[in-house]
Amino acid sequence: FSRNLTTAVLSPFSSFFVGIHSTGANGQLECGIKRTVMRIPGNFTYDTILVSGQGVNNTVSYYGEMMMAKGGKTRVDPYEADFVLSHLGYWTDNGAYYYHYLPRPPFNNSEEALKAVKADALSRGIPLRYYQWDDWWFYNGGHWEYQAIPSVFPDGLTDWLQSPLSLYTGEYGAINPYRSRFEFVDHNAKTVLPVDIEFYRELFRNGTKAGMKMFEQDYLSSINLGTNLTSLDLNSGDRFFEAMNQAALEMNITLQLCMMHPCHALAASSLQAVTNARASPDHVRVYEHREEMIGWNSLLLSSLGVWSSRDNVWTNSSETRPSFNNETDVVTNTILAVLAGGPYGPGDAAGAMNRSLIMRTCRSDGVMLRADYPNVPLDKTFVDGFDAVKPLHVWATSSWIPYSSSTSSSLSSSSSSSSSLGSWSPLQYTYIIALNLDRPFSVSLTDVQRVSSAGAGDEPLSSSSAAASGGSFIAREVMANGTLFPLTLDRLHVLDRLNSVHLPACPTVDYLTAGSVFWTFAPVLANGWAFLGEVDKVVSASSRRVRWVRCGHQRHQREMTSLHASAGAVAATLATATTRVCDDEDEDVVEVTLLGSPGETTTVAFAPPQVFERLHARLSEKNKNAAAKTSQNHAEMPPPQGDDATSPIFVRVSFPTGDAAHTTRDVFGNEDCTVVARCGGRGGSLGNSGAKCVQSSQLGLHAYEIRSEE
């Protein structure tokens, strides 16, 4: 790419395992087949693709769409097609506490240890929905056999944990009992390569009997360069992947790729079962800042329809285990894992999981609260870092919520069918994390509006989408160097056409600990209100929590009432309990439909129009030059007290249970019910609505508890 982001992408368009680019003797770029290939038949065709465009993200995204179109792959909605991506799990891969666990009191083997993890999670309300078993439980090495080692798992590869599983393998040892029955590629190496779909059918059939939902294929780089298994002929690599993919589709499981080379990512463009891949090394806390790889790898992976995996995380910084360094910043690593979009799973010891941190990632039933796409570098990082000694790591993703600016009659109606909701447009919530910044980084309205479905550098939103937010956002400082900030006025900032925000510098902390900042951006609605989202979640407005947002003019509503709402094009018909919070006088209202598990509680926040006005006033009082240098000098004015209308409004929502819940079930059997919260009035007054006030020390200023009623 050039300084003005004119960008070109050149890659193989076929024969990914053996296609190669190199520089010739005179500096020319050469494209062709690896010289290791022993034979090329007549009439063989090798394809290369060249895509050019404006903007790195935009061009790479278009390139990926062309790759998937040729490969016949479609993007996967994790909530519809991937149990592991859409649920909280527990991981035991390299870096986790129980990776290659050596028996010691109180456990005699790994089976007992994992049962203890599950018991601990159940007792403390940590909704682990699956467990990952890595390379330590089966015969793995020179002798390879996918059977449990009795001293590790006395009950074998069975459903003794009574939970879904994610299973794993690395290289396939040459000594194995399957070679007499299935076809393997063998070049007199210590490892072999299965290319027979019947092998994977048997492997996956046995795995699914034990509860397997995902299968991880690791050590792909070792297979690619450490052996000749995929480089001596044109077809072995393709046959390997195709057999695995087809068997996975037949068994209704998904695939994760790990330790990849670019050829594997390109090949995944035709593999529908491959939903995610590792974008960073094993999380063993011995490498220097390897988390910096995530954003760059996500740029390619996301374009090819693949979510990026951060690997396991520890959630307790006081844990110790021989051979592993302590996790020095549990908060940043959890945020990185969630925003990358791959599986999220703690790897702590039994009794050591940090529940409060884990619950920032999911609902009470373990359904993950995700953004809509993996986080990728902002295009601005390529511009600002063009002449830099080291690259800039500022990554963004977004979630999109259906939004309507309705008329007074439709908002006060007792029937909210899709026909009464007015015209819909996508409402954009954006999440930006930065690592190891040596200087402040400016983010403009255009930068945020370009965080679109195609990545973090697509063309700005269409006029209808931009109008949904009024062209303004409220930016919230959420975290810096692992310290989480409460939602207070002094941590909020204006982002609009005239005012950028400035992420503060976050230099490297030490050899193993990255400097980090994390901000969220909530759109200002047409009536001046802003729904800031869930207060204590990484993704504050996930599509699995926020069903839709509406704003309009509400007249003389003082009661709490109930209604049945149809989500129309958004979802199937759902029963909805509505809470209206209004003044006597005519006033603007914002209505948010929230989705949750029966009996769950959560806290959401609204900003009345005065918040945005106060933030603007604060800007006018500050020296503009000082504001451009640092965002750490907050306003000198004290935070609002008492019933000051310029503070955010916090609402605690309780999802009903029993007959009042009107639940539906998703494809994985999770129960969902909805609650509609409405706020109105420039001060956010409750009037005589009957809502119960919660102590402000719990939730902050203007805190209310609102429960749905039958």
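Determine, for each peptide in 300-308, 360-368, 62-70, 177-185, the mean count of other beta carbons within 10 angstrom over its residues, then list the peptides with the highest first.
Put in order of decreasing packing, that is 300-308, 360-368, 62-70, 177-185.
Report the label-to-label distance for residue 39 and residue 617 in nanometres (one decimal), using points 7 Å from each Cα along the Cα→Cβ vector.
8.3 nm
What area, in nm² and to one decimal, does the C-alpha convex hull of region 89-178 cast on average over all directions?
6.1 nm²
Of the listed peptides 272-282, 249-259, what is their order by residue-averaged count of other C-beta atoms within 10 Å, with the highest listed first?
In descending order of packing, they fall as 272-282, 249-259.
Whole-Hz ³J(HN,Hα) for each residue in region 522-536, computed from phi via Karplus 6.51 cos²θ - 1.76 cosθ + 1.60 with θ = phi - 60°, x for glycine and proline: what do you get?
Values per residue, Gly and Pro as x: 10, x, 8, 7, 4, 9, x, 7, 9, 8, 7, x, 6, 5, 10 Hz.
For a paramagnetic label modelled at 7 Å from the Cα of residue 292 toward its Cβ, which residues of region 375-394 fall within the zone defined by backbone nitrogen distances under 13 Å?
388-394
Considering only protein heavy atoms and a 1.4 Å probe, what is the carbon-and-sulfur percentage of the accessible area of region 142-200?
So the carbon and sulfur contribution to the accessible surface is 48 percent.
Tell me, in nm to one decimal, what length is gained between residue 235 and residue 657 on full extension, where the rule is 0.36 nm per residue of separation less the Cα-Cα distance?
Once the chain is fully extended between residue 235 and residue 657, it gains 146.4 nm.
Per residue, what accessible area does region 211-339 have, given a 1.4 Å probe and all protein chains present, in Å²?
29 Å²
Give me the percent of accessible area attributable to carbon and sulfur for region 286-353, probe 1.4 angstrom.
48 percent
In nm, to one decimal, how far is the modelled label at residue 112 from the one at residue 75, with both set 7 Å along Cα→Cβ?
Reported label-point gap for residue 112 and residue 75 is 4.9 nm.
Peptides 310-321, 518-529, 44-55: what's the order by average Cβ count within 10 Å, highest mean first?
518-529, 310-321, 44-55
Past 32 Å, Cα to Cα: identify those pairs from 115/537; 380/622; 70/380; 34/190; 70/118, in the order given.
70/118
The values are calculated or read from the model by the stated rules, or taken from the named source; none is laboratory data. Quick caveat, the model's predicted, so the values are computed rather than measured. Heads up, the Cβs are rebuilt from the backbone with ideal geometry, glycines too, and the neighbour counts pull from every protein chain shown. The protein model used for the area step is the full one, side chains on, heavy atoms only, and it has no ligands, DNA or RNA in it. Shrake-Rupley method; radii C 1.70, N 1.55, O 1.52, S 1.80 Å.
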